[in-house]
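Reading through the structure tokens given below for one structure.
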Amino acid sequence: MNLVLLNLREMCKSHRFFFALIIIVQAVSAFCLAFIIGVIINNRLFLSMDYYQNNISIYFNKEDEITYDKLEGAVMEIAQGVLKSAVSDIRMGNYQYDYPNTIWTDFRIEDGKYVNGRFFNNRLALQLAWGRTFTESELNSRDSIAIAAYLSEGALEIEGEEFEIIGERAGNSFDTPAAIIPPRRFYNIPITDIRFSLNRYISAYESERIAGILDEATDGRYEIDNTAEATDSGDIKAVMRSSVMACVLIGFVLLGTMAILYGHIIEKRKYKLAVCRLTGCSASRSIKLFLAEVVAVSVPSVGIGYACFYFAQKKWLEGVYPYMEPYLNAKAYALMFLGLLGAIFISMLALTVARMMHPIKRQLAEAGG
């Protein structure tokens, strides 16, 4: 190990440019490899997404009287954790018509707070005959306020409590009384369903996590209709085949570059290697020492490349490529890391065997000794 460190120190001093270039090439290759795989996965699944059909709907029995105070933590964990890059809107309500109205709400969650969803921003304001929509503080409160449609009176009573109507919709898809209320007003009103509208497919692993969260919150008292999970038999396999091809192409470019750089280092060490052979170091021992140097340089440089990509993924890329989050997970990073290191190691093994397994006399002659 001491000899490996001495050789690396000498390489850093005597061949500083090539040493830095090796680190940069490996780090950039790791970054580009992860980026290309992430983009392939994202684009392949993104193009096949049906934004009208792909969502997750969760249904509750009326008899169970599941209220939002029991579910709020689970909804927050799903929207802000498991499906943070996937959820676009959430709709929740009581559609059993036990009250004089269909009661529902529509929202998004940002930084743990409720904000208006696409329905509020894009449609509701245009449908109002009079009044206004909720303010952000009202949407996050338990105020007894509502936006109504097809009500014959100016007040709304739910569970014996009167709601103030702050606006009225001029149109509704059903000719029946309906009211929109803030999410937290469902603390004491039974919910019949919650629907998560998504902007991408979700993985089987994400589906399992969602089921686990709901099981814990409701003791399994729910039914789920998940039309947003990508199947392993179609899209995912096609994506993985494309990703493997990308890895192979990047690997050829990287290994060719690395062979040139490390070949230069070996060329500069010809005399030193010949002297080592003369003093009792076998060819196999020389190869092992050189490969140890390769690993010592490659592990941190490849790690730096993937770490930089992971930071970029979390900071910027997931907003542009939402499928990177579920598929470029810890397992994917581990496989890419080991795969790239393995390719470098095997190629360098072939290079060193070809360049360092010559007889001692030939090595001395090539070194000018």
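The values are calculated or read from the model by the stated rules, or taken from the named source; none is laboratory data. Just so it is clear, the structure is predicted and the values come from calculations on it, not from any experiment. Cβ: placed from backbone, ideal geometry, glycine included. Neighbour counts: every protein chain shown. Quick note on the areas: whole protein, heavy atoms, side chains included, nothing else; ligands and nucleic acids left out. Shrake-Rupley method; radii C 1.70, N 1.55, O 1.52, S 1.80 Å.
With respect to Asp175, is the statement that it is modelled with pLDDT under 70, open to solvent by 10 Å² or more (accessible area, probe 1.4 Å), touching a Ser or Thr at 6+ places or on another chain (Cβ under 9 Å) and over 24 Å from Tyr114 (Cβ atoms) true?
Here the answer is no, as Asp175 does not meet what is asked.
Out of Phe309, Phe290, which single residue is modelled with pLDDT of 75 or more, touching a Phe, Trp or Tyr at 6+ places or on another chain (Cβ under 6 Å), among the aromatic types (Phe, Trp, Tyr) and in a helix (DSSP H, G or I)?
The unique qualifying residue is Phe309.
In the stretch 137-164, what count of residues is obtained for those that are touching a strand residue (DSSP E or B) at 6+ places or on another chain (Cβ under 6 Å) and either in a strand (DSSP E or B) or open to solvent by 100 Å² or more (accessible area, probe 1.4 Å) (or both)?
Number of matching residues: 10.
Could you grab me the full set of residues in the stretch 108-118 that are buried (at least 17 other Cβ atoms within 10 Å of the Cβ) and not small (Gly, Ala, Ser)?
Residues satisfying the conditions are Arg108, Ile109, Tyr114, Asn116.
Every residue in the stretch 181-191 that is in a loop (DSSP other than H, G, I, E, B) and open to solvent by less than 10 Å² (accessible area, probe 1.4 Å), please.
If the condition is that a residue be in a loop (DSSP other than H, G, I, E, B) and open to solvent by less than 10 Å² (accessible area, probe 1.4 Å), then Ile181, Pro182, Ile189, Ile191 are the ones that fit.
Residues Asn122, Asn101: which one is crowded, with 19+ Cβ neighbours inside 10 Å, at negative phi and modelled with pLDDT under 85?
Result of the check over Asn122, Asn101: Asn101.
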